[in-house]
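Each value in this text was obtained by applying a stated rule to the coordinates, not by laboratory testing. Remember, predicted model here, so these are calculated numbers, not experimental data. Here the Cβ positions follow ideal geometry from the backbone for every residue, glycine too, while neighbour counts run over all protein chains shown.
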Amino acid sequence: MRNDYPNYVGQDAPATKRPITKLPPWGETSVVGKRLARVDAYDRVSGSAVYTSDVILPDMLYAAILRCPHAHAKLKRLNITKAKSMPGVRAIMTDASPGANIPWFFGEKGALSRLFDPHCRYEGDEVAAVAAESPYEAWDAARAIDVEYDILPFVSDAEEALEQGAPAVQEGGNREGEPYVRERGDVAKGFAEADAVLEETYRTSCQIHTPMELHGSVAQWDGGRLTVWDSTQGVFDIQRSLAQTLNLPLSSVRVISRYMGGGFGSKLELGKYTVIAAFLAKMTAQPVKIMLTRENSFLCVGNRPPNTIKLKAGVKNDGTLTALHLISLGTGGAYPADSSVSYLVRDLYLCPNVRTEETNVFINAGTARPMRAPGFPQCAWALEQMMDALAEKIRMEPIELRIKNIPSYSQVRNNRPYTSIGLKDCLVEGAKTFGWKRAREQPRQDGTIRRGVGVAAAMWGWEGEPVSTAIVKLFPDGSANLNIGASDIGTGTKTVMAMVVAEELGVPLEKIQVENADTATTQYAPASGGSQTVVANAPAVRKAAVEVRTQLLELASDELKRPVAELTLKDGMIQTLSEPIRKVPLSELKILGRVQTIVGVGHRDPHPEGKIALPFVAHFAEVEVNTKTGEVRIARFLAAHDSGRVMNRLTYENQVFGGVTMGIGFAATEGRILDGQQTGKMVNANWHDYKIPTAMDVPLDETCLPIDPHDTECNNTGSKGLGEPATIPTAAAIANAVYHATGIRVTHAPISPMQMLALLAEQGERR
Amino acid sequence: MEKEKKNEVTSESPAGMSRREFLGTVGAGAIGATMIGPATATAREDSSGELPLVSITVNGWVHRMRVEPRWTLLYVLRDQLGLTGTKPGCERGECGACTVLIDGEPRYSCLTLAVEADGRRVTTVEGLMDGEQLGPVQQAFVGEDGLQCGYCTSGQVVAAEGLLRRNPNPTMEEIRMGMSGNLCRCGAYDHIFKSVHRAAKLRK
Amino acid sequence: MIPKFDYERPASMRQAIKQLTLPGTRLHAGGTDLLGCLRDGVFGAEKVVSIGGLSELRGIKRASDGSVTIGALTTLAQLAADPIILRHYTALAQGALSAASPQLRNQGTLGGNLCQRPRCWYFRGDFHCLRKGGGVCYAVGGQNQYHCIFGGDACYIVHPSDTAPALIALGARVRIEGPSNSKTIPLESFFVPPSKDVTREHVLAPNEILTEVLLPAPAPNQRSSYRKVRARGAWDFALAGVALCMHVRDTGEIERARVVLSGVAPTPWRVPDAETALAGKLISEETAKLTAELCVKGAQPMEYNGYKVNLVRGVVEEALLGLR
């Protein structure tokens, strides 16, 4: 399906229902902000939570997908005769199956491919699917499908894709449209005004999401109604796409994802496997479960594009930035996808003259999907190393240089002011807590080990746009039910939302029942991603809870014959605020027994008028470089975040360290490797050779420093997004620390011992 | 072939039920019972006509069953016995999500053939419960928030239990080493270490 | 999901060897590498023959003369934790501990670690390479950052074992049981370079079993270590590593040394020149540098693995000085 991931700028604010009640900002909170265990921790630690992978339905079949093993090929022969007769096989779906001609991957002129496209443009492209009584039998049959391909010339590298005579991935060549150029001011003039101009080329590798739970779905029909359990970040997006694809009304498509094992952006869109499961389920009249393999997860469910970024920067001796020019070449794989990176260059620092030119090219590899802060870690890798280089050039302290250029408004949004910007505090307080000054001055060497510290700043650029609705229901005994559409992808969404209810209604967390992520029974929420889950949902939940309290107090007022203004809801009791004092437990409120439930509905408010609310961050790293072996050890780390109000201190901290961990992967261990000179296949499509950080790769000494600017304008909870800022500047901070330690600027991510050794050797030669 | 719809998708979505409730509706599961033959998929006979018969004790209950030699312990636990707490992450011994204890030692069930588990005692995450109450390691993970999406959590909890049985008072570095066979893509490592540290205290 | 196979679990060595004489059979010890290879289609199996029931192959025994016999089914975890191994054969304990992950060490056996197939991603992947009977070594013109800088010949794998270099440094021998006889050979002779045969890594016939590893009694002045450098902190094969075993006089002079590299050649790579040069010397910065240079003499880096030359230098220096 079309990757509708929005541009970061210029979206309309959500529409909402009239009237818009503006809730006063919270002052001191009694539940929100505390360190509280997750409301569903029991389910997850006991093993009783049922993820899509765990769904077992009676009569269920298992499906396996046959995929093209070549980087670029045309299907020549597909014979399913033998496979069809194998034990346990119930159905096989191919391009020839009725209804299989489903358009897929869209460009400007429409569909570029289809479900089982005989023109396979990437390793892992779907060719056929088998449903059988057990997964073993499904795979036996998939292997027995007689298939032959005409192998075509391929291209694996963005620069090669632009060369004359490069094999064409798409008709019309390998450029995806014209370069995207954005400009303000006059960069030539800006460079002329600068006292120092630096230019550097940076490269980042292709990072792959690989969430712990594999991608997959279970599909079940009841006549014309389809129920799908999908490991997804957004049940409503999947519902919409599925309904469109299968030409069904939304009311006939139910998508459920109450527990899902991570996505990081790879589970925002409808997967081919989901459509295939639906078809096979229809063909067999049995539920069908289709789970991808781990090897598949490297090839065909998205990635973070690799980018080559040329960055030129001009600065005055007093630290004022005068010009920034970014030229980026990225590849989103075989079909149109977003490989843009320029946001931070355009908006993080004040700069009147900025020009960015971004080109996306096709290569014969899996199509990109948004990955945790798409484009931002790549840009931070370049920009934040450049800021350090500029600081060194003009002999300015690197933190001072950044502080000098912090804006109070968004330059890419017609200078719309921020509701709050805690970036300076992130840098200053972060530096203080980290012991920055002393660490920068200390001697760097200890035998063969060189120590260094580095900093990097960033922001996240999307405030989210879709609506969200929440319903809070009060049971007659005073316990509550919270109904939200959001998936909890690991960020603690259910817990945070329940805490909002607890804050407003005084109901303890253990008495709040949370329902989520079911298109049939829960309210609309945008997909959980883009660091906007708390931002989109918590204010709606607050409003719903407040509406419940309002109705409750009105009812209590009738029963107790006291004005509403003299009543409050506290500790699960209606309490009077003046004499005679009465405390009535909700379970004793007769009227509650008569109405049975009180229902409050809340919707997300529009964005703050004329302003923009975004999160900011500064990361600090200390590294130890072993100059004999090239090993880079991250000794300690500090993450200072302005994400507005901390909703749950425990889960907030976990998110931050989680983002840092993913950033360590980007910085030091991860990268897709293609056999570019021979077959174009991915050589490291497994979790041994594609190396994500292990327990031994993260520092034991990690600090999370929340910086709360007490933003009363961003929304009625004062919170801003966190999930993505937590991974944006991590790698750049590490690279800056490596530079401080060794004097070597590592421009190519990841910084492996292999690369470090080569660079150390070069340095040795140069000396 | 005429097919009767056996399950009803009512307002309770199976994915939201606890596993125990769900097993009741599905009819799979062999809690406390001796089982002859697998519940959901038919093990097909091979050329010699008979499949190996194994006896595996899982969480204290003995299961006698015929298995295909190629079936992994992971597959048997989940798809035959309905114990879906143990998770498939890679099926290649590269992630740890499938960690179980075999005779008290942490092992990857995806790399263990069911036939090789014959006569052995297997403990899964479900086996660390105390009835419906969480065991001490599980409690520690709740208290220290040693999880995010929760998918690696079963494996982490079982690996932690195995570590603490062998070394009841590990240092942070020993904890890190002991847990180094369990990936967490959400990056909850810091909290996982703290959870294991706390679990050591709770187990006393 | 792995294709079907039959399964036998013989009760005796005789029966096991008899089974393994049949075509299409594969030996299952710990099973960690076997299952990985079956999943990747590196080879197939019609019948898996499990030797897990041969309890005589487990355990670490010390004889009255101080020599040690390790059963091939002893797990890496047992090796890493054994007090005799830790104290007297430290390199082996460190080698075992540095392998894989805790769970894999609980399952993987010493025999399996020595007999394991290479990790070359072309060998393991969907490429019909030379070692699997095809016509091409894909590493030559491809992604060879993890391939060898010594001993390559038509095939350029590195041997993945961490225990093998340690054992060779410690002077280990291995016992092999076959259908008609049993023999004991130095571990060094167990491995087969591609120049001899590109389709196998060791001398075992399909119906031979490595049953025991024999270590000589440690000299009182023996010290040993194994240091491995990898791309991430755990669960990773060596970019390069070195096993050292030295006998050092009270005066500090090295009486005898063995230097064996991992991650650089298709077999564990002993460096006789370095060993000769170390004899009679003191462990010093200078000796370390000299040794390191000798360890990289004659290296033939490929397009992407040149870093291994400096890495070997660095890790040898570091390891040698660490035994001071």
Order of B:C149, A:C704 under a 10 Å beta carbon neighbour criterion, fewest first: A:C704, B:C149
Chain lengthening between A:A285 and A:N247 when straightened (0.36 nm per residue, less Cα-Cα): 11.8 nm
Cα-projected label distance for C:S67 with C:S180, points at 7 Å along beta-carbon direction, nm: 2.6
Full-extension gain in nm, A:S85 to A:D318, via 0.36 nm per residue minus C-alpha separation: 76.1 nm
Cβ charges +1 (Lys, Arg) and -1 (Asp, Glu), total dipole of region B:136-203, debye: 160
Rounded if a/c under 1.5, otherwise prolate or oblate - chain A, Cα gyration tensor axes: oblate
Signed unit charges on C-beta, dipole axis of chain C, positive-most listed residue C:Q19, C:P102, C:V192: C:Q19
Reachable lysines, given that their alpha-carbon falls under 23 Å from the alpha-carbon of A:K82 and they are not under 8 places away in the same chain: A:K74, A:K282, A:K289, C:K4
Förster-model FRET efficiency, 51 Å R0, C:A205 and A:D446, C-beta, rounded to 0.05: 0.45
Antiparallel %, DSSP beta bridges [both residues in chain A], to 5: 80
Proximal aspartates and glutamates to B:K204, defined as alpha-carbon separation beneath 17 angstrom and excluding residues fewer than eight positions away on the same chain: B:D130, B:E161
FRET efficiency, C:K18 to C:A154 (Cβ-Cβ, R0 30 Å, nearest 0.05): 0.30
Mean-position separation - Cα centroids, region C:160-194 and region B:81-114, in angstrom: 32
Nearest-0.05 FRET efficiency for A:D558 and B:D103, computed from C-beta distance (R0 60 Å): 0.35
Between region A:193-216 and region C:239-295, the alpha-carbon center distance in angstrom: 41
Segment A:Q677-A:K437, extension gain: residue separation times 0.36 nm, minus the distance between their alpha carbons: 81.7 nm
Virtual spin-label span in nm between A:T712 and A:L577, 7 Å along Cα→Cβ: 1.8
Count of Lys pairs (Cα-Cα under 27 Å; at least 8 positions apart or interchain) in region A:460-609: 23
Cα-based reach from A:K84 at 17 Å (exclusive), listing aspartates and glutamates while leaving out same-chain residues under 8 positions away: A:D95, A:E133, A:E137, A:D140, A:D146
For the protein assembly as shown, share of DSSP beta bridges that run antiparallel, in % to the nearest 5: 80
Region A:520-568 and region A:443-488: distance between their alpha carbon centers, rounded to Å: 22
Residue exposure sequence - A:Y652, C:Y304, C:Y89 - by fewest surrounding Cβ within 10 Å: C:Y304, A:Y652, C:Y89
Electrostatic dipole magnitude of the protein assembly as shown [Cβ: Lys, Arg +1; Asp, Glu -1; Cα centre; debye, to 20]: 1340
Tensor-based shape of region A:249-312 (alpha-carbon gyration tensor, a/c under 1.5 rounded, otherwise prolate or oblate): prolate
Chain C - share of DSSP beta bridges that are antiparallel (%, nearest 5): 85
Region A:504-640: C-alpha gyration tensor shape, a/c 1.5 cut-off, then a/b vs b/c: prolate
For A:H710, A:H619, order by how many other beta-carbon atoms lie within 10 Å, fewest first: A:H710, A:H619
Assigned charges on the beta-carbon of Lys, Arg, Asp, Glu; chain A dipole about Cα centre (debye): 640
Cα-based helix-to-principal-axis angle, C:285-296 vs chain C, degrees rounded to 10: 40
Count, lysine Cα pairs under 13 Å in region C:222-322, 8 or more residues apart or across chains: 4
